1. Quick one: work out Rg over Rh on the C-alpha atoms of segment 304-363, Rh as Kirkwood radius.
2. Using only DSSP helix segments of four residues or longer, with each worth -39500 (n - 2.57), what per-residue ellipticity at 222 nm results for the chain after dividing by its residue count and rounding to 500?
3. Indicate the gyration tensor shape class of segment 92-174 (rounded, prolate or oblate), computed on the Cα atoms with a ≥ b ≥ c the square roots of the eigenvalues: a/c under 1.5 is rounded; otherwise a/b larger than b/c is prolate and the rest oblate.
4. Add +1 for every Lys or Arg and -1 for every Asp or Glu among the other residues with Cβ under 14 Å from the Cβ of Glu161, and state the total.
5. If one takes the longest principal axis of the Cα atoms in the chain, at what angle in degrees, from 0 to 90 and to the nearest 10, does the Cα axis of helix 27-44 lie?
6. Once you treat every alpha carbon in segment 1-138 as an equal point and sum by Debye, what is log10 I(q)/I(0) at q = 0.21 Å⁻¹?
7. Would you be so kind as to identify which of Gly259, Met227, Gly99 lies farthest towards the positive end of the dipole of the chain, taking Lys and Arg as +1 and Asp and Glu as -1 on Cβ and the Cα centre as origin?
8. Counting just the Cα atoms, what span does the chain cover along each of its three principal axes? Round to the nearest Å and put the largest first.
Amino acid sequence: MQIDIRPAAPLPDAVDPRLDPASGHDDELRLAFDLNERANAARSGDGLYTNTLAEFVALLRSNETERIHRLLAWCGERLAGVLTMYTTLIDSTDVVDLGVQLDPALPALEQAAIAEALVARGIDEASALGRSTIVASTVGARTGGVSARTGHGAADPTHPEVAPLVARGFELEQVYRVSVADLSQLGDLEAWHAAGLERASGYDLERWVGETPGEHREGMRMLHERMSVDAPVAGLAWEPESWDDARLAAFEQSKQGGGRSLLTVAARERTSGQLAGFSTLILPTTGGVARQHDTLVTQPHRGHGLGMLLKLDNMLRLRELRPELTRIVTWNAEENRPMLAVNERCGFEPIAYEAQWQRKDAR
């Protein structure tokens with residue numbers, strides 16, 4: 001099988017979010033969009049992680065904090081796989097994050113050959129970029145032949161996405177649990193929310209849609225910095241992040257690309273006026289699934305049920321503002337028992353796993 005790997009064409013300057021993805025754009029972009037949707041469905045299930053063409057393009061745009069490079073694997077005229085490389089520009093500047101997507105319609109042996117070629121090319125590209133540490137994401141499992149260094153979660157070393165990483169000395173650092181809550185099946189949200197408000201009586205909830213209001217931007221920058229430190233990353237070489245207003249603006253613009261919106265709730269301590277935690281949902285333009293982004297409660301404010309309260313508050317607001325979004329999908333480190341316990345109490349159930357691999361000194 002002849003595999004031709006070449007850079008993706010530049011993204012269009014703009015995409016009409018109303019445009020049918022099957023028309024109006026060049027074949028390469030249309031094929032890449034189609035492969036992305038089918039690969040997501042194969043990994044997580046139909047309808048769980050879908051995008052419009054405009055959302056898809058927005059996810060691939062570089063900004064002031066991150067550069068995104070794509071390489072496409074062709075077998076003749078067929079797009080068989082995609083390698084996406086993410087390089088941060090402010091912190092963790094020796095790390096490159098690789099993601100491989102394979103055409104799920106191809107036989108396993110052909111998928112393995114394409115993954116092998118893309119991973120080898122990714123390692124070469126990382127070296128050319130001067131990045132000495134490579135992080136890579138693949139399908140994971142609750143149990144399997146390779147166990148995560150955290151002791152929680154695993155991966156199948158024979159899986160086409162996994163085998164080339166194992167062969168090249170990547171270590172399985174961490175496994176994420178992918179969970180879904182079906183709001184239509186949760187009838188007690190209001191009662192749970194009322195109980196949470198009573199327990200957290202020393203806090204007020206601040207809510208907004210879209211960009212963070214001016215009076216909360218400093219507090220949210222602090223919370224994002226804490227998120228980069230407090231969220232478990234196992235042995236992955238991610239550095240603590242520094243957030244100024246430009247970075248917050250770039251983040252909010254990126255997450256709302258293609259017509260999506262951010263739904264945020266934050267807990268503010270009444271006595272100090274400081275933000276103690278937050279939770280954010282990403283709302284797509286179509287489909288029936290909202291995506292949980294970050295949820296954090298800082299250490300001094302834990303023990304008041306704020307994590308669960310923040311999630312429940314967003315669930316109720318989602319019902320009110322976008323009732324067609326009846327499910328929420330979230331990703332959590334399998335070793336993060338406190339947050340998994342909160343999610344389980346909020347009705348989230350596991351549906352898939354994702355593995356995080358790392359190879360250091362790759363040059």
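1. Here the Rg-to-Rh quotient is 1.13.
2. -9500 deg cm²/dmol
3. Working: a/c = 2.24, a/b = 1.12, b/c = 2.00.
Cα axes put segment 92-174 in the oblate bin.
4. Counting the neighbours of Glu161, the net charge comes to -3.
5. 60
6. The Debye formula, applied to the Cα set alone, gives -1.41.
7. Towards the positive end, the residue furthest out is Met227.
8. 64, 45, 39
The values are calculated or read from the model by the stated rules, or taken from the named source; none is laboratory data. Since the model is a prediction, treat every value here as computed from it, not as a measurement. Positions of Cβ are generated from backbone atoms using ideal geometry, with glycine treated the same way; all protein chains shown enter the neighbour counts. Protein only, heavy atoms only, side chains kept; ligands, DNA and RNA dropped before computing areas. Shrake-Rupley method; radii C 1.70, N 1.55, O 1.52, S 1.80 Å.
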